[in-house]
Each structure stands twice: as C-alpha cells, then as structure tokens.
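Undergrad: Input: one structure, supplied below.
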Amino acid sequence: MHRPRRLRRTAGLRRMVQETVLSAADFIYPLFVMEGEGQKEAIPSMPDCFRYSLDLLLEEAKAASDLGIGAIALFPLIPDEQKDNAGTESYNPEGLIPRAVRSLKQAVPELLIITDVALDPYSSEGHDGIVENGRILNDETVAVLAKQALVQAEAGADFVAPSDMMDGRVGEIRKALDLAGWINVGILAYSAKYASAYYGPFRDALESAPKFGDKKTYQMDAANAREAIKEIELDIAEGADIIMVKPALAYLDIICRIKQHTHVPVAAYNVSGEYAMIKAAAQQGWIDEQTVMLETLTSIKRAGADMILTYFAKETALLLAANKKSGKAK
Ligand code: PBG
C-alpha cells in the first residue's frame with residue numbers, strides 16, 4: 001500500500017520534503033513616503049501600514065534590510081496642490097521620491113530601491129495617464145513616464161517599475177535610460193496588471209483614487225489569461241528585466257502560466273486589498289493572521305513567483321527569523 005502520510009510524520013520530515021521555502025530574500029517591501037519630519041501616519045484600511053516622513057522611512061528601510069529583505073518599492077503621497085493633469089511633479093528632480101532615493105542610498109546602500117513609474121499619485125484626475133475629454137492619452141503619457149524614470153535613475157534607483165499599463169512604455173523608458181547612460185538601471189514591468197478592486201486600500205493610502213470612471217481602458221480585464229501572455233511578451237521584447245503579475249491571489253493561474261512561458265524572473269504583487277482582508281478577518285478573530293499570512297505567501301511562491309511585493313514583508317521576515325531560532329517548522 002502507498003502511504004504518503006509516511007512523509008508527513010514529523011516536523012523534521014515535513015521540512016525535508018518541503019517543496020517551497022519562503023525566505024526574507026523573496027520579498028520586496030512596498031513603502032509609502034510623505035513630506036514632513038518625525039511623522040508616521042496610520043492608513044485605516046491597511047492596519048499596521050504607515051505613511052512615513054523621510055526620516056522615519058530611513059529607519060523602516062534599515063529595519064527591513066537588517067531582517068534580510070533585499071528591496072523596497074517606494075510610493076509617494078503627493079499634496080493636492082502639487083497635482084495636475086500632466087503629472088508634472090513626477091519628474092521634478094527635487095521631488096519627494098528623488099530625495100527619498102538619494103537619502104536611502106546614503107543610509108542603507110545595500111538595499112535595492114525600486115521606484116514606481118506612473119502618474120496617478122501626481123495626477124489631479126487620479127489616473128495613470130494624461131486625461132483629455134475623459135480619455136487617457138497613451139503616447140503623450142509615455143513621454144512623461146520616460147522623464148519620470150530618468151529623474152529616478154539619476155537619483156539612484158536600481159529599478160524603475162512602470163505600473164501605468166500604457167502601451168509601449170517599457171521600450172521608451174529603456175531607450176531614454178540607455179541614451180542617458182543608465183544602462184544598469186533595470187526595468188521591473190507591471191506587465192499583467194489587472195483592473196482590480198483589490199487596489200482600494202492603496203488608493204486610500206496615496207489619496208489617488210480616480211476622480212472619474214475606472215482604469216479599464218488601460219488595465220487588464222480579470223477574465224483574460226492569454227492576453228497576459230501577450231502583455232509579458234511585449235514587455236520582454238521592449239526590454240523588461242523582470243515582469244510582474246498583479247494582483248497575486250486571484251491570479252495565481254496567471255503567475256503559473258507566465259512562469260512556464262517565460263525565462264525572465266517573475267514578480268507577483270500581493271496587493272493592498274489582499275493584505276486588508278487578512279488583517280480585517282484576523283482583527284475579528286476569525287482567522288489566525290500569522291498562519292494565513294505564511295500560507296498565502298507560500299501559495300504565491302508555489303505558483304511560480306520568484307519575488308513577492310507584500311506589505312507583510314517585514315512581519316513575515318520577523319516571523320521566519322523567530323521560527324528559525326526556535327527550530328520550529330512552518
Ligand atoms: C498605480 C498603482 C496601483 C497600485 C500600485 N501602483 C493602484 C492602481 O493601479 O490604481 C496598487 C498596489 C496595491 O493595491 O497594493 N500606478
């Protein structure tokens with residue numbers, strides 16, 4: 001008789017045959033930055049996540065790095081008076097993000113910095129592109145994105161990460177970076193990014209919700225899988241070093257397909273709504289937060305993600321370190 005249970009008998013055995021092992025090095029920690037000093041603002045729809053003023057951001061980044069997290073992804077809270085339709089503030093070399101990148105590179109040089117390329121935090125319309133008569137302009141937006149990426153590269157970003165979903169942006173950004181000599185600045189492309197209601201809490205964090213309509217003319221339809229392959233093929237052809245699937249949980253099949261289809265590293269974004277659901281249920285006492293967190297992140301890695309953007313990065317890294325110390329198997 002076959003007895004698969006033989007391999008599940010003890011914790012040591014289970015550890016030996018474990019196919020997927022989470023580690024702090026898998027994580028990219030998204031962080032929200034705002035102006036000010038000594039301030040840390042709670043985000044109600046994202047418990048335990050904060051918007052940090054620059055000085056406190058450095059501390060949080062250092063703490064993450066000390067736990068073995070190798071990279072952070074930065075997102076800015078931009079005051080309304082700096083927002084306009086063209087997202088002009090997005091390519092201000094003295095803007096919040098370039099200043100944050102310069103300070104981070106000084107304070108925590110070993111930590112990789114990934115900057116978001118998109119207009120929405122800077123847009124008075126709350127869209128990822130320039131709006132004209134209710135439509136999102138593609139090529140005009142791409143021209144601004146290239147300028148934004150350049151400013152971020154100059155500040156010291158290791159990767160720029162276009163999350164806007166405009167057509168042709170990866171190619172134009174690569175061209176602009178190369179022309180300026182930033183040949184070693186990489187592109188992490190949000191390639192299969194779906195029009196998802198799971199982004200709600202993130203938009204609270206940045207006060208960046210669209211002022212009208214939705215993002216369905218540029219982000220993908222949740223119903224489509226083959227189209228994700230088309231998007232990643234285009235981004236790779238245009239020069240993406242790493243491609244991303246976003247959100248992660250409702251799209252594990254997409255992660256799996258893309259992993260089998262391509263040979264570039266695959267990132268997955270465990271987005272704000274996925275985070276909020278776990279936190280909310282745990283606060284009610286309906287699920288065990290730590291166990292569900294580990295199960296969730298393991299499932300994303302098992303599906304094929306080589307790296308995971310997650311607001312749980314620090315909490316998980318802490319837990320993994322504690323478990324290791326106590327010799328406890330997951
Ligand atoms: C926008 C952007 C979004 C997220 C990352 N970049 C939201 C959106 O497209 O509206 C969402 C991340 C999250 O929900 O955690 N460029």
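Read-outs: derived from the displayed coordinates by stated rules, not from any lab. Computed from a predicted structure; not experimentally measured. Note that each Cβ is placed from the backbone with ideal geometry, even for glycine, and that neighbours are counted across all protein chains shown.
Undergrad: Give me the number: length gained by fully extending Asp253 to Gln290, i.e. 0.36 nm times residue separation minus the C-alpha to C-alpha distance, one decimal in nm.
TA: That pair, Asp253 and Gln290, stretches by 10.9 nm at full extension.
Undergrad: Rank Asn133, Thr10, Ala63 by how far each Cα sits towards the positive end of the charge dipole of the chain (+1 on Lys, Arg Cβ; -1 on Asp, Glu Cβ) and give me just the farthest.
TA: Value: Thr10.
Undergrad: Once Lys and Arg get +1 and Asp and Glu get -1 on their Cβ, which of Pro162, Tyr269, Ala73 lies farthest toward the positive end of the dipole of the chain?
TA: Farthest towards the positive pole: Tyr269.
Undergrad: Can you tell me the 0 to 90 degree angle between the C-alpha axis of helix 139-155 and the longest principal axis of the chain, rounded to 10?
TA: 70 degrees
Undergrad: Cα centroids of region 51-115 and region 301-330: how far apart, whole angstrom?
TA: 24 Å
Undergrad: So, one more: Who wins for biggest fluctuation among Gly186, Gly171, Gly285 in a Gaussian network model of the chain, springs between alpha carbons below 10 Å?
TA: Gly285
Undergrad: Nothing charged except the Cβ atoms of Lys and Arg (+1) and of Asp and Glu (-1): what's the magnitude of the dipole of the chain about its Cα centre? Round to the nearest 20 debye.
TA: The calculated dipole for the chain is roughly 2280 debye.
Undergrad: Among Trp286, Tyr199, Tyr311, which residue has its Cα furthest toward the positive end of the charge dipole of region 20-326, with +1 on Lys/Arg Cβ and -1 on Asp/Glu Cβ?
TA: Trp286
Undergrad: Between Asp84 and Val17, how many nm apart are label points set 7 Å from Cα along the C-beta direction?
TA: 6.4 nm
Undergrad: Quick check: net charge around Arg226, other residues with Cβ under 12 Å of its Cβ, Lys/Arg +1 and Asp/Glu -1?
TA: Its environment carries a net charge of -3.
Undergrad: So, one more: List the chymotrypsin sites (Phe, Trp or Tyr not before Pro) within region 230-330 that fall in a DSSP loop (any state other than H, G, I, E or B) and whose Cβ has at most 14 other Cβ atoms within 10 Å.
TA: In loop regions of region 230-330 (DSSP not H, G, I, E or B), the sparsely surrounded chymotrypsin sites (Phe, Trp or Tyr not before Pro) are Trp286.
Undergrad: Let me ask something else. Specify the residue with the greatest mean-square fluctuation among Ala276, Ala222, Ala267, computed from a Gaussian network of the chain linking alpha-carbon atoms under 10 Å apart.
TA: Among Ala276, Ala222, Ala267, the largest GNM mean-square fluctuation belongs to Ala222.
Undergrad: Any chance you could run the full-extension gain for Asp204 through Ala237? It's 0.36 nm times the residue separation minus the Cα-Cα distance, nm to one decimal.
TA: Net length gain for the segment: 8.5 nm.
Undergrad: So if a site counts as exposed when it's one of the GluC sites (Glu not before Pro), its DSSP state isn't H, G, I, E or B, and it has at most 12 other Cβ atoms within 10 Å, what's the longest stretch of the chain without one?
TA: 111-330
Undergrad: Roughly what angle does helix 252-261 make with the longest principal axis of the chain, taking Cα atoms, 0 to 90 degrees, to the nearest 10?
TA: Once rounded, one gets 80 degrees.
Undergrad: GNM, the chain, Cα, under 10 Å: largest mean-square fluctuation among Pro98, Pro247, Pro44?
TA: Pro44
Undergrad: Relative to the present Cα-Cα distance, how much length would full extension add between Ala197 and Glu140 at 0.36 nm per residue of separation?
TA: Extra length available between Ala197 and Glu140 comes to 17.9 nm.
Undergrad: Moving on. First obtain the Kirkwood hydrodynamic radius of the chain from its Cα pairs, then insert it into the Stokes-Einstein equation at 10 °C and 1.306 mPa s, and state the resulting D in µm² per second as a whole number.
TA: For the chosen part, D equals 78 µm²/s.
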